[in-house]
Amino acid sequence: MYKPEEMDGTPALATIRLRNKYKDYWHDKSDWYWFWRLFQEFCELFGVLIGFHKDPMKWELMQIAAICLNWMYKHEAEKSRRGLVNK
């Protein structure tokens, strides 16, 4: 849910804060689930661009970036558990 105060600061800082807020979400979910959630945010961004979605573009981009970061961290954690670090 969009909260204007979560966009305070630079885009990078606000995105990292958002990433950290949701870092423990969805780790038990499949890659298809992650893809679907990312796709939903892309669709919302598209909605912003054509004037059908009310949230700011910066917010949608932050959500996309935070999901991507958390998805990468999830994969790194899974590789670590399997002993495949940095592969």
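The values are calculated or read from the model by the stated rules, or taken from the named source; none is laboratory data. These figures come from a predicted structure and were not determined experimentally. Glycine gets a Cβ as well: all are built from the backbone with ideal geometry, and neighbour counts include every protein chain shown.
Annotations
- Subset tally (residues that are in contact (Cβ under 8 Å) with a residue 24 or more places away in the chain and in contact with a Gly (Cβ under 9 Å, 6 or more places away or on another chain)) for segment 55-71: 1
- Residue within segment 73-86 that is within 18 Å of Y2 (Cβ to Cβ) and either surrounded by fewer than 13 Cβ atoms within 10 Å (Cβ to Cβ) or of a type in the set (A, V, I, L, M) (or both) present: no
- Exactly one residue out of L45, L61, L38, L69 is at pLDDT 95 or above, in a helix (DSSP H, G or I) and in contact with a Lys or Arg (Cβ under 6 Å, 6 or more places away or on another chain): that is L69.
- The residues in segment 12-35 that are of a type in the set (F, W, Y) and modelled with pLDDT under 95 can be counted, and the count is 3.
- Cβ separations smaller than 6 Å between residues 6+ apart or across chains give the following pairs from segment 21-40 residues that are more than 16 Å from M1 (Cα to Cα) to residues that are surrounded by 11 or more Cβ atoms within 10 Å (Cβ to Cβ) and of a type in the set (A, V, I, L, M, F, W, C): W34/W71.
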